[in-house]
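Below is one structure, written out as structure tokens; comments come after it.
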Amino acid sequence: MSIQENSVKSNDVAVMNDDIESISTKFSNCIISNTETPAGDGDVEEISNGISTLSSAENLWSTSRDQAVRLRMENSGRGSENPITIHQMFQKTVETFGDHSALAYKEEGQWVMVTWKEYYGQCRAAAKSFLKLGLERYHGVGILGFNSPEWFIADIGCIFAGGLATGIYTTNSAEACQYVAASSEANVLVVENQKQLDKILKIKDQLPHLKAIVQYKGELQQKTPFLYSWEEFMKLGEDVPEKTLDDMINSLRPNECCSLIYTSGTTGSPKGVMLSHDNLTWTCNAAALTFNLNYAEEVMVSYLPLSHVAAQVIDMWLAISYATTTYFADPDALKGSLVNTMKEARPTCFLGVPRVWEKMEEKMKAVGAKSSPLRKRVAGWAKSIGLQYNYSVMNGEDLVPWGFMLADNLVFKKVRAALGLDRCKLCITGAAPITKDTLEFFMSLNIPLLELYGMSECSGPQTLSLNNQYSITSCGKVMPGCKTKLENPDEDGNGEICFWGRHVFMGYLDMPDKTTEAIDQDGWLHSGDLGRHDSHDFLYITGRIKELIITAGGENIPPVPIENALKAEVPIISNVMLLGDKLKFLSMLITLKCVVDENAEPTDELSPEALDFCRERSVTATKVSEIIAKKEPAIFTAIQEGVERINARSTSNAQRVQKWVILERDFSISGGELGPTLKLRRPIVVKMYQEKIDEIYQVAKL
């Protein structure tokens, strides 16, 4: 079916995959217990009383959009809690904190606050409009745009209406958007602006299930029967009876799919991670309890891509679970405006991917370098005190060194205020590896960064670090109610990290082979990551099975520690990728720190920190191309000396880096080298720079 030329008539609202009555009859419901017991006619009443019902299911996984799964229920503890749907979680918060602020966004420079009652009402209105547009049960609503109240409302409204909420990365090409929309069988696509709309218009004829497109920002530049502004969309379902929506909501079951998270496709085609209501509601409650969050007291800032599980779980689902207030950053947040939102919102919890923390570190170092000698001495003294104190906290000693209070007043409080972190009690880092140097930098400023670890396939978190329970470079301890095992450990205790718990996903949509690769016969989710536990049960990530470099000599080498070590040694370096798989020796692709333009694309201009690095060595170059063209001796020598220092620490000759080359352009999301969460897309980088890689090894042969 192509996009329909006319909006759906009101009497078509109930025409879906199954009508409400058949849906209700179809499900064999059961009250939650450790044995599944069929429920009677009191299902709706049980739902309203907060007692969840489930669709009957025998298997722990499924790849079909309309099939339920058996939950990994425990006899006691966190894993035994009654499953609930997204709607039940939302309704509970509205009933208790209805007048509390849920969302905050800027309009003409002023913050506009939306209460939980208003938020819930808008989600219901969106759900009715989706029904009016003909959203079919278990079909997708794709959302393509930057974080906003409309993004949240479209996602939740889709779930209320029985659809599968599907985020699409804003950096996706038109072809990549087509893949996700087709895979999710999207009936409706919600786009931010004309730029994103143009992508969809290019591929709309390739989307047989698409019925309508909604644009939520900016004026529509064209009028077509299938295209709606946000205002038009929200009014569309006004004549849909409340009972029609309530019947749909009451048919939702905790062990059925409600959301699709698409992987970034680093090693192949993106996979649609199917998350159930229980995956999201249970995980958020478990994480919030572990972090000791307070109902209706927490504040967060939404700026990371909502198509990624980490941002979605924290910004949307955990917020609903604990009635937090979410402030929306400006679309150019990662280009510099984030700190302004932070200082106004003053979040109590903040999640940053490593690159965000690194940018903060670089900015503070650049400012510090221009300070007076006296300020530098005071800052250096305070940071030594801060590092000493936070290491004592980490080690369970909690010894307050002499001068700490003075350092706190002179430096730490001012730094926190300047970053908008003055009341932030949870500073979290995740989604990619972070260097020890960056962790220690923030520890020295009395801002310990708490690492968490997980993946889309476990609804976000598997291990968490807490302010009173963390260990530097570890990812914390397993979240209560979940289990971790290390499969096939080597002599050092390194094995593949496997997960068990209510947070483990349902399966990959329409991909049974990939699903059985990820979930074994006993129901354990295999992460593909290598890790080890210390004597206190902290988990350390030591590599990734698919990322391991296996040299021609058969030595297994994890690349990330070597890459991070060189970046720490030579501050002008932005990105590093280690090479050597099936080759005789290791080499590196290196990029230099540069200025990014308004589209977040790297330019040829060196960054301020890179310029400082050059000046310290009497180098006058201001562009990456100049350094490469001149083979600037001071810079090339500095990089080579850094390589030699990390080589000196290597445990074998096979782990020594023998060759390296500087690339003309830094890695970026738009360039394709980095994924949406700034993870290195190694196979893609190899394809992009195959000629340079061949040159490295051909030169070596000569």
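Derivation of every value follows stated rules applied to the coordinates shown; laboratory data play no part. Keep in mind it's a predicted model, so treat the numbers as computed, not measured. All Cβ positions, glycine included, derive from the backbone under ideal geometry; neighbour counts span all protein chains shown.
Some points to look at:
- Reachable lysines, given that their alpha-carbon falls under 20 Å from the alpha-carbon of Lys202 and they are not under 8 places away in the same chain: Lys211, Lys217, Lys223
- Modelled spin labels at Lys117 and Lys202, positioned 7 Å past Cα toward Cβ, are 4.6 nm from each other.
- Seen from every direction in turn and averaged, the convex hull around the alpha carbons of region 342-412 projects onto 6.2 nm².
- Taking the DSSP bridge list for region 536-692 and keeping only pairs wholly inside it, about 70 percent are antiparallel.
- Backbone N under 16 Å from the Glu95 label point (7 Å along Cα→Cβ), restricted to region 236-256: 250
- Per residue, the chain reaches -10500 deg cm²/dmol at 222 nm when only DSSP H runs of four or more residues are counted, each adding -39500 (n - 2.57).
- Sorting Met364, Met342, Met405 by the number of Cβ atoms found within 10 Å of their own Cβ, with the fewest placed first, yields Met405, Met364, Met342.
- Cα-based helix-to-principal-axis angle, 116-132 vs the chain, degrees rounded to 10: 70
- Ordered from longest to shortest, the equivalent ellipsoid semi-axes for region 412-553 are 31, 18, 14 Å, each the square root of 5 times a Cα gyration tensor eigenvalue.
- Each DSSP beta bridge with both residues in the chain is either parallel or antiparallel, and the antiparallel ones are about 60%.
- For region 240-322, the square roots a ≥ b ≥ c of the C-alpha gyration tensor eigenvalues yield an a/c of 1.5 or more together with a/b not exceeding b/c, which makes the shape oblate.
- Whole-number percent relative contact order across the chain, with pairs defined as alpha carbons under 8 Å at least 6 apart: 11
- Axis of helix 559-569 versus longest Cα principal axis of the chain: the two differ by about 50°, to the nearest ten degrees.
- Taking the convex hull of the alpha carbon positions in region 288-365 and averaging its projected area over all directions gives 5.4 nm².
- Length released on extending from Glu491 to Lys687, taking residue separation times 0.36 nm less the Cα-Cα span: 67.1 nm
- Cα gyration tensor shape of region 632-679, rounded if a/c is under 1.5, else prolate or oblate by comparing a/b with b/c: oblate
- Helix 242-251 and the longest principal axis of the C-alpha atoms of the chain enclose an angle of approximately 60°.
- Listed by chain and number, the lysines whose C-alpha is less than 20 Å from the C-alpha of Lys567, apart from same-chain residues fewer than 8 away, are Lys359, Lys363, Lys365, Lys436, Lys593, Lys623, Lys631, Lys659, Lys679.
- Judged by the ratio a/c of the largest to the smallest principal axis of the C-alpha gyration tensor, the chain counts as prolate, that ratio being 1.5 or greater while a/b is larger than b/c.
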